[in-house]
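Report on one structure; see the data block that follows.
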Amino acid sequence: MPSAGDTLATTARYRLLGHPADLAGHLAALGPAPLPSNASRGWREAFSAMLEASGLAGRGGAGFPAAIKLALAQNGRPGGTIVVNGMEGEPASDKDKLLLIRSPHLVLDGAQLLAAATGSRRVTVCVPEGREQVATAMQSAMEERVAMRSAPTPEVLVRPPDRFVAGEESALVRWVETGQSLPSFRPDKGIALRIGRHGALVHNAETLAHVAMIARTGPEEFRSSGLAEDPGTSLITISGAVVHPGVVEVERGTPLIDIARRAAPSGEPQALLVGGYGGAWVDPADFDTPYASLSLRAIGATAGVGIVIVLGQNACGLMESARIASYMAGQSAGQCGPCVYGLPAIADDMIRLARGEADPGLLVRLQRRLSEVEGRGACRHPDGAVNLVRSALQVFSTEVRAHVSGTPCAHWSRSTQLRFPAGAWGARP
Amino acid sequence: MIRILVDPVACDAYGYCAELLPESIALDEWGYPVVDGTPLPPELVSAARRAARDCPRRAITLRERKSSH
């Protein structure tokens, strides 16, 4: 068996998936996480500089630079918590579940490195209630690490409720502290989150796996894939009208249609849904758009969570969007009026529109509601739903005209091509 | 320059703010305040302070902002 150094040199290609899941295999393939025996100030500064040089942006949805998040956490009082966000509330996302099952030690190594860099005293791994396969994988990985002394900062597994908003970082931190899974109103996002008097640094599982890889390979290897302004790889879950749904690892900047083709679309896609249920529909004219934050923003989309859904020809994009709007309305944490009342009203308008039951004022009312709800929640949950519906009205504008005049397409009453958790709706629209 | 900030978690749609400061605050169809987001003209600052003080939920704060964006 080659030494860890040899293995790294010969498998220079940077990747998150495909490493051994057990600790012995993980160590043999990748070597131990380069943790300091004593995290001196010099080591912390070098680690921060390395993360900054990598240009890593968070892979949980917001795309916030990991180096800035680290600097914010380092400003706070040491002795805090690294929170591993394994909540993955997006119904069409599997990438974090897969990563936590297949590469649990990579994720935990990333958390250990950040714990050393911030002087944190614990690593808290969050896996939702009900996801027993993920929880079991994490639990046994953590036990292996205790037995082999690979976890200098203590690691614990906790089980928040399985709701869409539960993984929003302020809601997750609040749940860890108080048991209440509710987002906080944070007008200034430049202030680090806290648990009690100590700082809490929350990262998506995939982001932590990148941190662990970057610390081993160096930032150049990470930057050797992807774009200069948006480097590295991303895990993307592909579903919908495809022959082989699943998770792929792609370079940032890969054209959207090339990502979709990895899952073998069954026919020409009618549209792509990118970024999850708070993301946006993308028109065939924009299928060549690079999967990268700036390019997606330019077409009104967002990288969001790594999700690409292929909408087949025999589907109604308006009804699918109405289902998403209903789902998002049902997943509100119930704190803010514009979300509590606005999202169900928007969903109701969308359902009427999709069924061909629009009243004459519907489109004007719907546009007004979209504008009024946007930006008025404590968290970005309502904004995501608004963005999704807006993109639907644009990408399916031909269908909107037909549906609004009372002649809906032939497909609206078909069953959905999207994924929703069982019992996500009270009444199925 | 001063801006009005509504805490959407605290707000319970009493609507006093829109009555006290109709120049800057409207209510949406469910009775929750919509702030127009532009800087507050100096002549409205005292009315805005009153709106903040009289909110039963203490959901309104006035924020001093240095930059123009």
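The values are calculated or read from the model by the stated rules, or taken from the named source; none is laboratory data. Predicted model, so just to flag it, every value in this text is computed and none were measured. Quick reminder, even Gly has a Cβ in these numbers, built from the backbone with ideal geometry, and neighbours come from all protein chains shown.
Worth a mention:
- Of all residues in segment A:229-252 being among the small types (G, A, S) and surrounded by 19 or more Cβ atoms within 10 Å (Cβ to Cβ), the one that is nearest to A:A92 (Cα to Cα): A:S239
- Of all the residues in segment A:276-294, those that are in contact with a strand residue (DSSP E or B) (Cβ under 8 Å, 6 or more places away or on another chain) and either of a type in the set (D, E) or in contact (Cβ under 8 Å) with a residue 60 or more places away in the chain (or both) number 10.
- Pick from segment B:1-60, criterion among the acidic types (D, E) and surrounded by fewer than 16 Cβ atoms within 10 Å (Cβ to Cβ), ranking: farthest from A:C379 (Cα to Cα): B:E43
- Residue pairs meeting the criteria (Cβ under 6 Å; at least 6 apart or on separate chains; first surrounded by 10 or more Cβ atoms within 10 Å (Cβ to Cβ), in segment A:37-48; second modelled with pLDDT under 95): A:W43/A:P36
- With respect to being in a helix (DSSP H, G or I), of a type in the set (G, A, S) and not assigned by TED's automatic domain parsing to the domain that holds A:G330, A:A151 falls outside the description.
- All positions within segment A:156-191 that are farther than 22 Å from A:D109 by Cα and part of a strand (DSSP E or B): none
- For segment A:360-392, taking the residues that are without any contact (Cβ under 8 Å) to a residue 12 or more places away in the chain and assigned to a loop (DSSP other than H, G, I, E, B), the one that is surrounded by the most Cβ atoms within 10 Å (Cβ to Cβ) is identified as A:G375.
- Some residue of segment A:182-197 being touching a strand residue (DSSP E or B) at 6+ places or on another chain (Cβ under 8 Å) and small (G, A, S): yes
- Qualifying residues in segment A:164-194 (those that are charged (D, E, K, R) and within 12 Å of chain B (Cβ to nearest Cβ)) - the one nearest to A:H381 (Cα to Cα): A:R186
- Pairing residues of segment B:43-61 that are free of Cβ contacts under 8 Å to residues at least 24 places away in the same chain with residues that are of a type outside the set (V, I, T) and part of a loop (DSSP other than H, G, I, E, B), at Cβ distances under 6 Å and at least 6 apart in sequence or on separate chains, gives B:L44/B:E23.
- Meets criteria (surrounded by fewer than 22 Cβ atoms within 10 Å (Cβ to Cβ), within 16 Å of A:A315 (Cβ to Cβ), modelled with pLDDT of 95 or more and more than 13 Å from chain B (Cβ to nearest Cβ)) for A:V395: no
- A:A115 vs. criteria farther than 23 Å from A:A422 by Cα and free of Cβ contacts under 8 Å to residues at least 60 places away in the same chain: yes
- One residue from A:A263, A:A228 being among the small types (G, A, S) and either closer than 21 Å to A:R419 by Cα or not in a loop (DSSP other than H, G, I, E, B) (or both): A:A263
- Check on A:G279, within 19 Å of A:L366 (Cα to Cα), of a type in the set (G, A, S), surrounded by 24 or more Cβ atoms within 10 Å (Cβ to Cβ) and outside the structural domain of A:V400 (by TED's automatic domain parsing): yes
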